[in-house]
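The next block holds one structure in the form of structure tokens; read it before the comments.
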Amino acid sequence: MTAQLIDGAAVAARLRQTIRERVASLTADYGRAPGLAVVLVGSDPASQVYVRNKGKATIEVGMHSIEHHLDASTSEAELLALVARLNSDPGVDGILVQLPLPGHIDSQRVLLAIDPDKDVDGFHPINAGRLMTGQTGLVPCTPSGCMLLLKEVLPSLAGLHAVVVGRSNIVGKPIAQLLLQADCTVTIAHSRTRDLPAVCRSADILIAAVGRPEMIKGNWLKTGAVVIDVGINRIAAADGKTRLVGDVATQEALQHVQAITPVPGGVGPMTIACLLNNTLTAFERRQRS
Ligand code: NDP
């Protein structure tokens, strides 16, 4: 069997192009571009890179990028006051507070303060509840990206057995909900699951969202399965540098599966594209309301 590598960079580029065209038309109609506000507290190097990339991608699709870089000593009250200002700012359609926040700030309290209709990360419990009950809301970006990648190879997911390894609120649980909405039979596995290899072997669709380098081996996979590898793990490489790997042993998996996302270049590029898509969705809904 020749396995297909699902090219997340190409799918994300297509999505960004569609967003760019829609933004141009909406900006002409409404006299302003959708606005995404990103808030960074402190100077964590990885967070700085993420925020820079998000700002660049926002501008590239023609949206308005608003960045707030706050000192690490910013108090929770000051951050909440900024979120309140962004909530009531008519030019802001999406708000993202970059995590992790410094230890003296209660992240949950901050996320709860974001207007659910501007919560483009989709982390607010109201949006989690909307997803759970099939109502219109904003869906977390990485899970949305996984679904778009699955649709590249599987036009219909109905009746397939999907196994999601990982049950975090931001990846595992929302992906499981989306798969259920797509009429899959869904199993959620985690660190206490018994005989994980056997559970994985029963999957037509396997989603790995664990954070353990190459934990899922080739012989854990059903022949012809479709695998979405969400994991991003940095490991030491032979040349003394580091390299990124997923949660699935990709080279082994290629001997068994129908299709798999590579790491890097699979799910990763979809996340920012889906963030832009959520901002566009939030803008359109606010214009209509
Ligand atoms: P979390 O650490 O929040 O959750 C990890 C999950 O994996 C938990 O549910 C945990 O189970 C489960 N787990 C841990 N060890 C095992 C094991 N040995 N067997 C089975 N299950 C196990 O991670 P996230 O969900 O935030 O992220 C998962 C991965 O996805 C990470 O590598 C992260 O970097 C990556 N990621 C990638 C993104 C992208 O854009 N591509 C975006 C977000 C995340 P339990 O609940 O029992 O502890």
Counting just the residues of the stretch 1-25 that are crowded, with 20+ Cβ neighbours inside 10 Å and touching a Ser or Thr at 6+ places or on another chain (Cβ under 8 Å), which one comes out farthest from GLY91 (Cα to Cα)?
ILE6
Looking at the stretch 41-67, which of its residues are within 27 Å of PRO90 (Cβ to Cβ), part of a helix (DSSP H, G or I) and open to solvent by 80 Å² or more (accessible area, probe 1.4 Å)?
TYR50, ARG52, LYS56, ILE59, GLU60
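Please state which one of SER156, SER202, SER191 is without any contact (Cβ under 8 Å) to a residue 60 or more places away in the chain, near the ligand (Cβ under 10 Å from one of its atoms) and among the polar types (S, T, N, Q). So that I can check it myself, show each step before the final result.
On the way: SER156 fails: near the ligand (Cβ under 10 Å from one of its atoms); SER202 fails: near the ligand (Cβ under 10 Å from one of its atoms).
Every option except SER191 fails the conditions.
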For the subset of the stretch 237-270 comprising residues that are away from the ligand (no atom under 16 Å from the Cβ), farther than 16 Å from VAL153 by Cβ and at pLDDT 95 or above, which member is surrounded by the most Cβ atoms within 10 Å (Cβ to Cβ)?
GLU252
Limited to the stretch 226-236, what total is found for residues that are loosely packed, with under 12 Cβ neighbours inside 10 Å and touching a Pro at 6+ places or on another chain (Cβ under 9 Å)?
2
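Confirm whether GLY145 is within 25 Å of GLY129 (Cβ to Cβ) and outside any strand (DSSP E or B).
Details: within 25 Å of GLY129 (Cβ to Cβ): yes; outside any strand (DSSP E or B): yes.
When the stated conditions are applied, GLY145 passes them.
Could you run through the stretch 104-143 and say how many residues are among the basic types (Lys, Arg) and farther than 16 Å from LEU79 by Cβ?
Applying the first criterion (among the basic types (Lys, Arg)) to the stretch 104-143 yields 109, 118, 130.
Restricting the remaining residues to those that are farther than 16 Å from LEU79 by Cβ gives 130.
Residues flagged as among the basic types (Lys, Arg) and farther than 16 Å from LEU79 by Cβ within the stretch 104-143 amount to 1.
Taking the stretch 142-153 only, how many residues are open to solvent by 10 Å² or more (accessible area, probe 1.4 Å) and near the ligand (Cβ under 9 Å from one of its atoms)?
Just the residues of the stretch 142-153 that are open to solvent by 10 Å² or more (accessible area, probe 1.4 Å), to begin with: 142, 144, 147-148, 151-153.
Then keep just the ones that are near the ligand (Cβ under 9 Å from one of its atoms); that gives 142.
Here the count works out to 1.
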Top-ranked residue in the stretch 102-123 [being open to solvent by 10 Å² or more (accessible area, probe 1.4 Å) and in contact with a Gly (Cβ under 8 Å, 6 or more places away or on another chain); ranked as farthest from THR136 (Cα to Cα)]
PRO102
Would you confirm, using the coordinates I've provided, whether ALA28 is in a helix (DSSP H, G or I) and either in contact with a Cys (Cβ under 9 Å, 6 or more places away or on another chain) or crowded, with 16+ Cβ neighbours inside 10 Å (or both)?
no
So GLY159 clears everything in (1) assigned to a loop (DSSP other than H, G, I, E, B); (2) under 19 Å from VAL230 (Cα atoms) except one condition, right? Which one?
(2)
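Being at negative phi and surrounded by fewer than 19 Cβ atoms within 10 Å (Cβ to Cβ) is the filter here, so list the residues in the stretch 192-214 that pass it.
ARG192, THR193, ARG194, LEU196, PRO197, ALA198, VAL199, ARG201, SER202, ASP204, ARG212, PRO213
The values are calculated or read from the model by the stated rules, or taken from the named source; none is laboratory data. Predicted model only: the values in this text are computed from it and were never measured. Using ideal geometry, Cβ is built from the backbone for each residue, glycine included, and neighbour counts are taken over all protein chains shown. For the accessible areas, the whole protein counts, side chains as well, though only heavy atoms, and no ligand, DNA or RNA atoms are used. Shrake-Rupley method; radii C 1.70, N 1.55, O 1.52, S 1.80 Å.
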